[in-house]
Amino acid sequence: MHHVQIPTLGAAQAWRDAARDLLSAGVAPCDIVWGDHRAEPDLFAAQTALPQGQAPKVPRSFMSMAQTVVWHSDPERFARLYAFAWRLQSAPHLMSDRGDADLAHLRRLEKNVHRCQHKMKAFVRFRDITTPGANRRSFAAWFEPTHHTVEPTADFFVRRFSDMDWRILTPDVSAIFIGGELTFEEGHAKPDLPEDAGEQLWITYFRNIFNPARLMVSAMQSEMPKKYWKNLPEAASIPDMIAGAPARAREMALAAPTLPPARLPQVQAQLKAHQSAWDGPDGDLSAAISACTRCPLHCTATQAVLGQGPSDADLMIVGEQPGDQEDLTGQPFVGPAGQMFDTISAEVGLDRRAAYVTNAVKHFKFKPQGRRRLHQRPNTSEIEHCRWWLDAELASVNPKLTLALGSTAAHSLTGNGAGILSRRGQIETGRSGGPVFITLHPSYLLRATDPAAQKTAKAQFRDDLAQVAQLTALAKP
């Protein structure tokens with residue numbers, strides 16, 4: 001049995017030298033007892049010289065991992081590293097085997113050491129111990145690391161504080177940097193260090209950068225474990241900061257300005273894209289509508305169906321969209337729904353020829369089924385795209401009253417196409433500011449299968465048209 005004792009200082013190089021000699025001699029892991037400075041000497045350990053054999057070969061990634069793991073406080077770390085190096089002699093691929101339990105354990109030790117080094121860099125607090133008249137400033141800090149990380153982390157402090165003398169004292173190993181030379185000593189007892197003149201300023205800064213609205217105690221304690229608090233001057237403020245966080249967060253919320261949502265620029269851009277912006281001369285409006293490609297409906301429709309009627313009409317009648325016959329003829333309201341509208345209009349004395357008749361959507365939307373083209377209701381995007389033209393028609397005609405037939409027209413004119421049955425017979429204010437009379441679409445009367453419901457709907461539609469006729473008559477000068 002071979003006994004190998006690794007010293008506290010220079011442990012990385014000592015383990016590397018010992019492991020290389022043992023592997024060269026072909027000593028199996030089970031024949032070695034590893035220990036650190038705390039291990040008692042083994043009375044039965046072999047003291048004979050090792051035979052020289054072939055130099056061992058291990059992947060560079062293993063040596064990188066070993067140079068970190070040796071600083072862990074686990075007393076079995078040296079044995080585990082050697083056992084894994086022994087296995088690598090016959091299976092060098094093990095360093096890439098994520099399912100290997102031994103490698104996984106060593107990786108966890110490596111991660112623990114890295115975490116401890118990070119905490120040391122973050123939580124060492126120097127106190128000024130410069131003596132009067134000294135030519136070089138001098139500082140000292142007390143730290144209690146979880147693992148043996150002072151020696152491998154000391155270079156970080158040399159680079160950061162090379163212009164001063166400093167000491168990092170720990171119970172295990174102490175790093176001393178005097179006159180530009182770094183040395184290591186055995187551990188020290190906790191010294192009685194004086195308070196630093198800038199300590200109160202640091203505590204004030206720490207309290208001011210604390211954001212109570214983002215307080216997460218578990219995350220904070222994960223980054224700043226409580227075991228370090230006793231040596232951190234600012235940690236004395238943490239309990240008070242946590243207790244007062246809710247009240248401070250409420251004060252911040254009350255004092256903070258109302259900020260626009262992050263998505264506001266996108267919403268404004270979409271709104272601007274849907275706003276009617278056609279500002280050409282009235283004589284060019286028909287040609288512009290005929291050439292419209294603002295939505296995909298123009299791809300399948302025969303043509304855009306333009307509005308018809310006097311350019312100074314007091315009444316504008318707005319339907320949904322062209323039907324099959326309107327799409328073929330290019331004339332609005334010539335299909336079955338238009339014919340029913342004409343019939344009932346004549347009954348109540350509403351002269352369609354005196355009104356400007358148009359649709360909310362200018363192209364026919366349909367679904368082919370054999371030789372037939374089945375009507376499809378336009379969606380919100382198509383309605384909003386076509387509102388560009390409807391607004392231009394409203395601006396050109398400037399009617400005293402607009403009659404919205406059905407939900408699509410109501411949507412385009414008022415921004416709301418819901419609840420037509422409850423809204424019918426009422427006048428609402430349109431998006432352009434003018435009055436909009438809401439009523440049913442004639443196709444609703446045609447689709448009604450219940451005779452009683454159809455009779456009721458026709459009566460309501462007739463009443464609405466009669467009311468519109470009276471309103472437009474009253475509106476005439």
### Query
For region 75-222, what class follows from the C-alpha gyration tensor (a ≥ b ≥ c being the square roots of its eigenvalues): rounded when a/c is under 1.5, otherwise prolate if a/b is larger than b/c, else oblate?
oblate
### Query
Here are some values of semi-axes √(5λ) of the Cα gyration tensor in Å: [x] 50, 25, 19; [y] 89, 32, 19; [z] 68, 28, 17. Which one was computed from this structure?
[y]
### Task
May I ask you to give the percent of accessible area on region 164-233 that is carbon plus sulfur, with a probe radius of 1.4 Å?
54
### Query
In the chain, what % of DSSP beta bridges are antiparallel (nearest 5)?
45
### Query
Relative contact order of the chain: what whole-number percent is it, with Cα pairs under 8 angstrom and at least 6 residues apart?
9
### Hull shadow area, averaged, region 201-346 [alpha-carbon convex hull, nm²]
19.2
### Task
Show that you can apply the helix-only estimate: for the chain, add -39,500 (n - 2.57) for every DSSP H stretch of four or more residues, divide by all residues, and state [θ] at 222 nm to the nearest 500.
-13500 deg cm²/dmol
#### Entry: Helix axis angle, 11-25 relative to the chain longest principal axis, alpha carbon, degrees
80
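Give me the accessible area per residue for the chain, probe 1.4 Å, as a whole number in Å².
Per-residue value: 55 Å².
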### Query
For region 321-477, treating each Cα as an identical point scatterer without solvent, what Debye log10 I(q)/I(0) comes out at q = 0.19 1/Å?
-1.37
## Note on the structure
From the Cα centre of region 293-360 to that of region 198-242, the distance in Å is 72
### Query
Taking square-rooted eigenvalues a ≥ b ≥ c of the alpha carbon gyration tensor, is region 167-259 rounded, prolate or oblate, where a/c under 1.5 means rounded and, failing that, a/b exceeding b/c means prolate?
prolate
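The values are calculated or read from the model by the stated rules, or taken from the named source; none is laboratory data. For clarity, every value in this text was computed on a predicted model and none was experimentally measured. These area figures cover heavy atoms from the full protein model, side chains too; ligands, DNA and RNA do not enter into them. Shrake-Rupley method; radii C 1.70, N 1.55, O 1.52, S 1.80 Å.
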